[in-house]
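The values are calculated or read from the model by the stated rules, or taken from the named source; none is laboratory data. Computed from a predicted model, the values in this text were never measured in an experiment. All Cβ positions, even for glycine, are placed from backbone atoms using ideal geometry, and neighbour counts span all protein chains on display. Note: accessible area is taken over every heavy atom of the protein model, side chains too, but ligands, DNA and RNA are not part of it. Shrake-Rupley method; radii C 1.70, N 1.55, O 1.52, S 1.80 Å.
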Amino acid sequence: MHSQQKAESDLLRVYGRMITIILVLVMMAVIGIKYFSSMPQVAARSVELEHTRFLNVLAMVRSQWLSLGKPAQLRLDWEVFTEQNQAVGQSVVKMSALGWPQPKQLDHLGCQELWLQLMGSELQEDTLMGEFFPKDTSCRYQSQNGDSIGYQLNSGRVIFLTRK
């Protein structure tokens, strides 16, 4: 009888461990689902932050354009910080007669270069992609989840669209 009690005790211990493992797996699945379902929200927040930053840079560039007497081109200096040093990046931005930054060429590459000139960083394929739309003469910077920042070159209007 003693060996049967030991076998039952061992069996109960195995069942207890199995239940514990199942509970841990269920908890990990719930946490994983919540984590991965929040990823698009994080990406949307990133585009939202870039939108605010883009608006601030446009206001600063236009203000500088006005204070310098409305030149046809404006030189922008960006401080770029890396792990070991600090470098100054310079770019010359073409300005419209109304004081809005313009791409050097009216195509996708021109819009991407304009982003680099204004924001001081290149567009990354996994974050935003620049496109040119001749219909309304605008540049659109779109994320993979469909959120976008539109910049109308003639009016300086910036439009932030989300896919909620």
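I'd like the residue in region 149-164 that is part of a strand (DSSP E or B) and over 12 Å from F54 (Cα atoms) and, out of all such residues, is modelled with the highest pLDDT. Checking each candidate, the answer is Q152. Close contacts from region 89-102, counting a first residue that is open to solvent by less than 20 Å² (accessible area, probe 1.4 Å) and a second that is part of a loop (DSSP other than H, G, I, E, B), with Cβ to Cβ under 8 Å and a gap of 6+ residues or different chains, come to M95/K70; M95/P71; M95/A72; G99/K70; G99/G156.
Can you confirm whether region 65-76 contains a residue that is exposed (fewer than 14 other Cβ atoms within 10 Å of the Cβ), in a helix (DSSP H, G or I), among the small types (G, A, S) and modelled with pLDDT under 90?
Taking every residue of region 65-76 in turn, none turns out to be exposed (fewer than 14 other Cβ atoms within 10 Å of the Cβ), in a helix (DSSP H, G or I), among the small types (G, A, S) and modelled with pLDDT under 90.
Just checking, which of Q84, Q105, Q124 is modelled with pLDDT under 80, part of a loop (DSSP other than H, G, I, E, B) and more than 18 Å from R53 (Cβ to Cβ)?
Exactly one residue qualifies, and that residue is Q84.
One residue stands out in region 136-148 among those that are part of a loop (DSSP other than H, G, I, E, B) and of a type outside the set (V, I, T): the one that is nearest to E50 (Cα to Cα), namely D147.
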